[in-house]
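Values in this text are rule-based calculations from the coordinates and carry no lab data. Note that the structure is predicted; figures quoted are calculated from it, not measured. Glycine also receives a Cβ, built like all others from the backbone with ideal geometry; neighbour counts cover every protein chain displayed.
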Amino acid sequence: MRTWGPLRESRWEPQSPPAGEHPGNGVLYAGTNSTTPFGEVFQQRRAVTVSGSLALAGWAPTRALSLLDLTSGWPVRNKASASLHAAPKSTCRNWAHAIRNTWPELDGLFVQSTITGTAMVVLFAPAVDSFPAGPQFWHRLSDPSIAPLVVAAADDLGWPIRALA
């Protein structure tokens with residue numbers, strides 16, 4: 001988990017400002033499908049970049065996760081709206097920080113990607129004990145064996161594929 005934060009470009013950062021190292025207050029963003037991670041990572045470029053220095057990893061938690069479902073009616077019942085996921089990133093960071101402080105045992109959030117509109121999971125520090133010893137799937141984006149996955153994600157997003165030299 002990344003403990004440096006909060007990052008301005010990230011939406012659901014649990015760390016409080018200013019940006020810096022926050023031991024014990026990590027965050028990890030995970031897609032529930034293979035297209036969402038490509039969309040989230042390459043949203044600035046609007047092109048899927050294939051590189052040997054980038055990888056796609058997949059894993060399943062080793063235990064049930066306790067997630068606050070922000071795609072449900074929870075935001076409305078708590079003085080926000082169903083469009084909270086699309087609020088300014090600073091607003092979402094404030095909510096994430098408040099949620100993390102209110103329920104420190106919570107594993108994370110179940111949210112909607114603003115890029116793909118599909119579900120994704122934001123994990124907080126308590127979820128660290130749910131990670132398996134290693135990923136079930138890990139391939140560099142330049143690995144020819146996952147080229148069909150890269151092409152499918154780029155097609156879903158309508159973005160070109162670019163090779164990083």
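For the range 65-165, would you read off the P(r) tail past 21 Å as a percentage of all alpha carbon pairs? I get 51 percent for the Cα pairs in the range 65-165 exceeding 21 Å.
In the range 10-165, taking the dipole from charged Cβ atoms about the Cα centre, the farthest positive-side position among Ser142, Ala57, Trp12 is held by Trp12. Check Arg162: other-chain or 5+ apart residues with amide H under 5 Å from its amide H, H built from backbone geometry? Correct list: Val48, Thr49, Val50.
Just flag the trypsin sites (Lys or Arg not before Pro) in the range 39-136 sitting in loop per DSSP whose Cβ has no more than 13 other Cβ atoms within 10 Å.
Arg45, Arg46, Arg63, Lys79
Charging the Cβ of each Asp and Glu at -1 and of each Lys and Arg at +1, and nothing else, the dipole of the chain about its Cα centre rounds to 400 debye.
Take the Cβ atoms of Asn101 and Trp59, set R0 to 35 Å, and the FRET efficiency comes out at 0.80.
The amide H of Thr32, built 1.01 Å from its N in the peptide plane, has Val121 as neighbours under 5 Å, considering only residues 5 or more places off or on other chains. Starting from one equal scatterer on each C-alpha and no solvent at all, send me the Debye-based log10 I(q)/I(0) for the range 1-116 at q = 0.10, 0.13 Å⁻¹, two decimals. Per q value, in the given order, log10 I(q)/I(0) is -0.32, -0.55. Between the amide H of Gly58 and those of Gln136, Phe137, Trp138, distances stay under 5 Å, these residues lying 5 or more places away or on another chain, with hydrogens modeled in the peptide plane. Site pair Asp69 and Asn33 shows an inter-label distance of 1.8 nm when each label is modelled 7 Å from Cα along Cα→Cβ. 3J(HN,Hα) along the range 132-139: x, 4, x, x, 7, 8, 7, 9 Hz, from the Karplus curve 6.51 cos²θ - 1.76 cosθ + 1.60 with θ = phi - 60°, whole Hz, x for Gly and Pro.
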